[in-house]
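Worksheet for the structure shown next.
The values are calculated or read from the model by the stated rules, or taken from the named source; none is laboratory data. Every value quoted in this text rests on a predicted model; they were computed, and no experiment measured them. No Cβ is skipped: glycine too gets one built from the backbone with ideal geometry, and neighbour counts run over all protein chains shown.
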Amino acid sequence: MKIIEQLQKTKKAGLSLVGLTEQAVNQVLLDVADTIGERADEILAANNRDLSRMDINDPKYDRLLLNKDRLLAIAADMRTVASLAFPLGNILEQKTLENRLALKKISVPLGVVGIIYEARPNVTFDVFSLCFKSGNACVLKGGSDAKDSNEAIVRLIHSVLEKHNIDKSILYLAPADRESVGKILHTKEYIDIIIPRGSQQLIDFVRENAKVPVIETGAGIVHTYFDISGDLQKAAAIVFNAKTRRPSVCNALDTLLMHVARLQDIPELVEKLQEKKVEIFADEKSFEMLQNKYPQELLKKAAPEHFGTEFLSLKMSVKVVDSAQQAIEHIAMYSSKHSEAIIAEDKKTIDDFFLHVDAAAVYANTSTAFTDGAMFGLGAEIGISTQKLHARGPMGLRELTSYKWIVSGDGQIRP
């Protein structure tokens with residue numbers, strides 16, 4: 001079937017979703033979660049075929065990788081989404097005008113949500129669960145790297161939808177080739193919004209070529225600033241977690257900013273990073289302090305391009321600053337407005353950082369690894385929005401709804 005014909009079917013099928021009860025929606029999600037466990041071997045076999053085509057040293061390899069633990073976590077997230085409050089039909093505002101017109105503002109689906117993403121097969125499950133619970137049909141365009149995994153996942157979901165007599169066209173996985181991208185980006189009559197998830201290059205391409213409205217998500221150039229008042233023990237644990245927990249994801253630390261008065265603490269601050277073989281690109285002052293105190297093969301002098309870079313791997317840069325204000329200015333210059341953090345004990349410094357740093361999530365004395373829909377209690381996420389229109393930060397159920405006004409009268413006409 002041609003892509004346009006399938007998009008027409010998805011648009012039509014999506015109209016039926018608003019008629020599903022909350023109980024029916026939740027039961028489908030719970031059945032999909034159960035089926036993940038029952039068909040785990042099938043999904044992992046498909047994932048292994050994808051992995052066999054990718055270099056294990058590619059930063060995207062970890063994003064592509066599925067295993068039984070990750071599948072269990074995905075199923076758990078889906079059950080959490082099923083347990084969350086129903087986002088549709090909620091009265092957001094209501095009032096009666098002087099002319100006795102009764103107004104209600106209620107939450108409604110966005111319609112058909114298109115997702116363009118790279119080697120992240122977990123996104124296929126996450127997008128379906130959130131879109132389905134929020135009454136949205138979805139069009140998925142995954143990368144060719146995850147072709148087999150995505151196809152296996154969609155087959156699983158389709159089988160559960162058919163079991164519940166729901167039109168499987170509400171979930172359409174477009175071909176993994178590049179030709180389908182153009183069709184999806186240009187068919188505003190069938191798709192209501194596009195959300196790209198992946199590299200900055202992918203996001204830029206979608207924003208520059210789409211005729212459908214776009215919500216930007218994903219790219220994370222993440223900083224952590226260690227202030228003169230910071231606690232060294234806290235800082236060492238936070239930096240290690242933010243950099244090494246999952247270096248290939250968008251909330252991983254890219255640049256450590258150090259107050260010059262704490263420069264002597266940097267060897268202890270980064271000491272544990274060598275356990276994971278983290279490569280450090282240090283500016284002049286931090287390089288001198290780290291020489292002979294950090295493995296020589298892992299320590300390099302920073303070049304200009306090492307700042308403002310999303311490494312997506314076990315690499316990070318270090319920059320020494322003279323003040324918290326200079327750290328804020330550095331972040332303003334290089335940030336992608338995803339997640340930024342300060343490690344400090346001085347309340348005024350923290351408050352100034354919160355006030356002046358422009359990002360979707362701003363942290364004090366904790367790891368940026370928490371920028372995640374599940375961690376924020378959203379069950380899962382459609383992505384991390386780094387823009388300011390409609391949604392910002394982890395996008396869950398509420399962010400996948402819009403609203404409409406319901407106006408009830410009794411014969412009133414406008415003079």
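For the stretch 314-358, the set of residues classified as under 23 Å from L273 (Cβ atoms), among the hydrophobic types (A, V, I, L, M, F, W, C) and outside any helix (DSSP H, G or I) consists of L314, M316, V318, V320, V321, A341, I342, I343, A344, listed by residue number. Of the helices (runs of 4 or more DSSP H) lying entirely inside the stretch 169-283, those carrying at least 2 residues that are at pLDDT 95 or above, surrounded by fewer than 24 Cβ atoms within 10 Å (Cβ to Cβ) and of a type in the set (G, A, S) are 232-244. The residues listed here are A369, A374; of these, the one that is among the hydrophobic types (A, V, I, L, M, F, W, C), out of contact with any Phe, Trp or Tyr (no Cβ under 6 Å at 6 or more places or on another chain) and part of a loop (DSSP other than H, G, I, E, B) is A374. When L15 is tested against (1) without any contact (Cβ under 8 Å) to a residue 24 or more places away in the chain; (2) farther than 26 Å from K183 by Cα, just one condition goes unmet, and that condition is (2).
Please go through the stretch 44-58 and give me each residue that is buried (at least 18 other Cβ atoms within 10 Å of the Cβ) and closer than 20 Å to V249 by Cα, ordered by number. The answer is N47, D50, L51.
One residue is enough: does the stretch 95-105 have a residue meeting the conditions closer than 28 Å to S134 by Cα and of a type in the set (G, A, S)? Yes, that holds for at least one residue.
Of all residues in the stretch 21-38, one or more are of a type in the set (V, I, T) and either over 25 Å from the mean Cα position of the chain (by Cα) or in a loop (DSSP other than H, G, I, E, B) (or both). Taking residues in the stretch 386-403 that are under 18 Å from A374 (Cα atoms) and surrounded by 19 or more Cβ atoms within 10 Å (Cβ to Cβ), and partners anywhere that are modelled with pLDDT of 85 or more and among the acidic types (D, E), the pairs with Cβ atoms closer than 7 Å and at least 6 places apart or on different chains are A391/E399; P394/D372. Determine whether the stretch 177-191 contains at least one residue that is in contact (Cβ under 8 Å) with a residue 24 or more places away in the chain and touching an Asp or Glu at 6+ places or on another chain (Cβ under 9 Å). No - not one qualifying residue is present in the stretch 177-191. Contact map, the stretch 312-324: first residue over 18 Å from F240 (Cβ atoms), second residue among the basic types (K, R), Cβ cut-off under 8 Å, separation 6 or more or different chains; pairs are V320/K285. Among the numbered conditions (1) β-branched (V, I, T); (2) out of contact with any helix residue (DSSP H, G or I) (no Cβ under 8 Å at 6 or more places or on another chain); (3) closer than 30 Å to V81 by Cα, the only one that T366 does not meet is (2). Mind listing whichever residues of the stretch 298-328 are among the hydroxyl-bearing types (S, T, Y) and under 30 Å from T217 (Cβ atoms)? Within the stretch 298-328, T309, S313, S317 qualify. In the set T21, T10, T96, only one residue is buried (at least 18 other Cβ atoms within 10 Å of the Cβ) and under 30 Å from Y403 (Cα atoms); that residue is T10. With respect to K105, determine if the residue is touching a residue at least 40 places away in the same chain (Cβ under 8 Å), of a type in the set (D, E, K, R) and in contact with a strand residue (DSSP E or B) (Cβ under 6 Å, 6 or more places away or on another chain). It is true that K105 is touching a residue at least 40 places away in the same chain (Cβ under 8 Å), of a type in the set (D, E, K, R) and in contact with a strand residue (DSSP E or B) (Cβ under 6 Å, 6 or more places away or on another chain).
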